[in-house]
Each structure stands twice: as structure tokens, then as C-alpha cells.
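Asker: Attaching a single structure in C-alpha cells format; questions to follow.
The values are calculated or read from the model by the stated rules, or taken from the named source; none is laboratory data. Computed from a prediction, not measured in an experiment: that's the story for all the values here. Methodologically, a virtual Cβ is constructed for each residue, glycine included, from the backbone with ideal geometry; neighbour enumeration extends over all protein chains shown.
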Amino acid sequence: MFIKEEKEMWIFGSSGLIKANLKAYFKARSKGLPEDDALEWVIQSRYPISEHNRQMVRLEFEREFNKTKNYSEKKKITELVRIILFNENPHLADRCLLSQPTLGRDFNLKPSLGQKIDYQMDEIYNSLRGKYKY
């Protein structure tokens, strides 16, 4: 298990993007939109002008989620937000592919970049989920 140190676990500059997109989703759901429509709302609200970016994100999301499988709501929205994050910050996607957990000087396992993003996403998701009722 990883030691959760705030300074180490959060990826600078990504929390605002994650929070904005999760808020858009939860607001849409709390106003009565079904899950798939709320996911589409996140894409539309993130890229109101750029059809190219909307298409790129939609295609990547559809590739990631086979319609025949039943994925949790949390898995779908967090993966959509991750796709948006990587679409806007391609260097993060590249670094996540190369990043591996490492041993620190204190011999505690230090998380990979992808694990840090997962931790950050979970923290923000959990903090916002309770604020919106649907």
C-alpha cells in the first residue's frame, strides 16, 4: 500500500480539470439526465466549439467501453475524465505509460504517475458524489 502524502499524490494542474468535468456530470445527473446523456453533456460542455475534440474524445471513450459489457457509473465517468485529461495533456498520457511504482529512500513503495492520477480522481469523485443527489 502507498503512503498517502498530499504533496506527492496530486498531479499539479490536473485537479481543476478533473473537478470541473466531474461537477458537470453530477449537475447533469442531478437535473434528471440519464447516465449516457450526462456523459455526453460533459463532452459537449468541455468542447462547445471544437467538433474535432468532441469526436476524438467520443471515439476514444467508445473504444474503451464495449457497449455489451456492464460498467459502473463511476468507472465510465472517471474514464471519460481521464480521456479528456490526456486529450488536453498528451505528455501526461506518455508519462503514465512509462511510469512504474518505485521504492523510495524509506523503502516504501512510491506510486506510479497513473496511480497518482487514479488516487486524485477517486478523491475528487468521492468528495463531489455526496454533494449531488439523483
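Asker: Applying the selection to segment 99-126, what residues are charged (D, E, K, R) and modelled with pLDDT under 75?
Answerer: ARG105, ASP106, LYS110
Asker: A further question follows. Of all helices (runs of 4 or more DSSP H) completely enclosed by segment 3-64, which ones contain at least 1 residues that are polar (S, T, N, Q) and either surrounded by 13 or more Cβ atoms within 10 Å (Cβ to Cβ) or modelled with pLDDT of 95 or more (or both)?
Answerer: The helices (runs of 4 or more DSSP H) meeting that bar are 15-30, 35-46, 51-64.
Asker: Taking the conditions exactly as written (more than 16 Å from the chain's Cα centre (by Cα) and within 13 Å of ILE84 (Cα to Cα)), does ASN21 satisfy them or not?
Answerer: no
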